[in-house]
Every structure is written in structure tokens, then in C-alpha cells.
Amino acid sequence: MPVASYSSFLGPFQFGLSCVLGFVLNFSTYWCTHVNSALTTTVIGCLKNVLSTYVGMVLGGDYVYTLANFMGVNISVIGSLVYSVVKYYEQVKKKNFFFFLRVNIFLFLQPGKSDKLSVPAKQQLDGGKDGESSS
């Protein structure tokens, strides 16, 4: 498809649409990171790339199916997903390790005083969060 001329209506419209969509993409990435965490944004980006890969294979029109090509794409996608999951669990483990270390030191130094733990600490030990039960 040839590039639209800027003297016609289509050229400036495509340029403006590109600018608006670029802003929306950057704002949604910022908002996702602000509401969640950088790791969550990374995992969501990985899932988006997986979806884009397979949709591009089916709808793109230029994908040449060979067994080696198909296996290579799938190995790459699986590796990307495994990497994201491992990084996620490393961050969760690090965050929870320091919390449980503090709680266990408190309980070791003051046995029988678990009722003095704060409400959030008890909820985290029980597996619930924000006042919700873990059932």
C-alpha cells in the first residue's frame, strides 16, 4: 500500500491517528505500572507479545509454515512465558521472605504472643488480604 500524500485528507488523518494511538499506548503503560507494579506490566507485555505472535501468524499473510519455523516460534514463546513466571515468583518470594522473617523473629522472641500481631500480619499469615477470607 503506497504512503498517502500529505496534500490529501488521508495523510494528515493517518499521522494524527498515529500520534493519538502512541499517546494512548504510553499512557496505558504508565497507568498499568502505576496501578500495579513494573513486573506486572512486564508480564502483561509478554502476554501481549505472545498474542501478537500467534495472531500475526494466522492473519499476517506472510508466515510460511514449516515444522522447524513453527517449533522455533513455540519454543521462543514458551521460553518467554517461563522467564516471566520465574521473575514474578522471585519478586514475590523476596517480598514475602522479609515479612515472614520479621514475623517469625517476633514470635520466637515472644512465644504465645501471636495475638499481638497486627491485623494485616495475621491476614497475610492466614493467606487472606485486605480483610477478605482466603476461602
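The values are calculated or read from the model by the stated rules, or taken from the named source; none is laboratory data. Remember, it's a predicted structure, so these values are computed and weren't measured experimentally. Cβ: placed from backbone, ideal geometry, glycine included. Neighbour counts: every protein chain shown.
Of note:
- Looking across V103, V55, V50, one residue alone is modelled with pLDDT of 85 or more and in contact with a helix residue (DSSP H, G or I) (Cβ under 7 Å, 6 or more places away or on another chain). It is V50.
- Among the residues of segment 58-78, just one is surrounded by 11 or more Cβ atoms within 10 Å (Cβ to Cβ) and modelled with pLDDT under 85, namely Y63.
- Filter pass, C19 being modelled with pLDDT of 85 or more and either outside the structural domain of Y83 (by TED's automatic domain parsing) or part of a helix (DSSP H, G or I) (or both): yes
- Residue match in segment 40-60 (condition: in the same structural domain as Q91 (by TED's automatic domain parsing), assigned to a loop (DSSP other than H, G, I, E, B) and not aromatic (F, W, Y)): yes
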